[in-house]
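Data first, discussion second: the structure below is written as C-alpha cells.
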Amino acid sequence: RRIEAFKKVNLALMEKSSLILSMAETIRTLSMNATIAASKLGSRGATLQVVSESLGSVSDDSQNVTKHLASDMGSVVLSLDRLIFDLASTKLQSEISLQFIEEILQQGSEFHDVRLERSLHTLFEEMTLRTNQVFDHLGIAKRGMTDIQAQVMKLARNNKTLRFVQFSGDKESVAWS
C-alpha cells in the first residue's frame, strides 16, 4: 500500500510540475503583451509601462523559480522512483529470506553448515544495504520536498505581487476611461 502511495505522490509531482511551467509561460507572455501595449501609448502610457515592467520582472522571477521548482520536482520524482524500487526489492528480499529460513527449519539441524550460514549472512547483508538505501532516498526526497516548499512560497509571494500589479493596472485603466 505504501509503495502505491509513493507512486501516487510521484505522479502528482510530475503533473504539478508541468502545470506550473505552463502557468509561468502564460504569465511571461501576458507581461510581454502589456509592455508592447504600453509602449504604443507613448508618454500617456508611462504608468502602464511601469506596471508592465513590474509584471515582466515578477514574471521573469516566477519563471526562474518555476524552472528551479521543476528541477527540484524532477529530483524528488527520481528519488521516489528509486525509493519505490528499493522498497519493492526489500520486500522481496525479506520474503525470500523468510522462505529460506522456513525451509531450513523444516530440514532440521543436519542441514546446518557453513554454506547455510554464508547464505543467510549474504541475504541479511543485502537486505540491510537495500534498507539503508530506502532511508537514504527518503532523506533525499524529504530535502527535495523542503526545497519545493521554499520555491512554492516564493511563487506565492510573486503571485501576491502579480495581484498588486494587476490591481495597479486595473486602476490605471479605469483612470484612462
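One table, with the values for the structure above:
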item: Candidate set: the range 106-121, residues that are exposed (fewer than 11 other Cβ atoms within 10 Å of the Cβ) and not in a helix (DSSP H, G or I); chosen: the one modelled with the highest pLDDT; result: 113
item: Failed item in (1) modelled with pLDDT of 75 or more; (2) exposed (fewer than 13 other Cβ atoms within 10 Å of the Cβ); (3) farther than 29 Å from residue 137 by Cα, with residue 58 passing the rest; result: (2)
item: Residue list for the range 35-55, filter: more than 16 Å from residue 160 (Cα to Cα) and open to solvent by less than 30 Å² (accessible area, probe 1.4 Å); result: 38, 45
item: Cβ pairs under 7 Å, 6+ apart, first in the range 150-177 and under 20 Å from residue 23 (Cα atoms), second open to solvent by less than 50 Å² (accessible area, probe 1.4 Å) and at pLDDT 80 or above; result: 151/65; 151/72; 154/65; 155/65; 158/65
item: Tabulated pairs, the range 80-105, first surrounded by 15 or more Cβ atoms within 10 Å (Cβ to Cβ), second of a type in the set (Ser, Thr, Tyr) and assigned to a helix (DSSP H, G or I), C-beta under 6 angstrom, 6+ apart or interchain; result: 90/131
item: Matching residues in the range 61-79 - criterion: being open to solvent by 80 Å² or more (accessible area, probe 1.4 Å) and more than 25 Å from residue 8 (Cα to Cα); result: 64
item: Pairs where the first residue, in the range 112-130, is more than 13 Å from residue 91 (Cα to Cα) and the second is surrounded by 14 or more Cβ atoms within 10 Å (Cβ to Cβ) and at pLDDT below 80, C-beta under 7 Å, 6+ apart; result: 116/104
item: Within the range 1-39, considering residues that are of a type in the set (Lys, Arg) and modelled with pLDDT of 70 or more, the one farthest from residue 151 (Cα to Cα); result: 8
item: Enumeration of residues in the range 36-79 that are over 19 Å from residue 26 (Cβ atoms), among the aliphatic types (A, V, I, L, M) and in contact (Cβ under 8 Å) with a residue 24 or more places away in the chain; result: 48, 76, 77
item: Options 147, 136, 170: the member that is under 14 Å from residue 83 (Cα atoms) and among the acidic types (Asp, Glu); result: 136
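A quick yes/no check of all residues on (1) buried (at least 17 other Cβ atoms within 10 Å of the Cβ); (2) of a type in the set (S, T, N, Q):
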{"site": "125", "(1), (2)": "no, no"}
{"site": "129", "(1), (2)": "no, no"}
{"site": "133", "(1), (2)": "yes, yes"}
{"site": "146", "(1), (2)": "no, yes"}
{"site": "150", "(1), (2)": "no, no"}
{"site": "157", "(1), (2)": "no, no"}
{"site": "162", "(1), (2)": "yes, no"}
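The values are calculated or read from the model by the stated rules, or taken from the named source; none is laboratory data. As the structure is a prediction and not an experimental result, all values here were calculated from the model. Cβ coordinates were reconstructed from backbone atoms using ideal geometry, including for glycine residues, and neighbour counts include every protein chain displayed. With ligands, DNA and RNA removed, areas are computed over all heavy atoms of the protein, side chains included. Shrake-Rupley method; radii C 1.70, N 1.55, O 1.52, S 1.80 Å.
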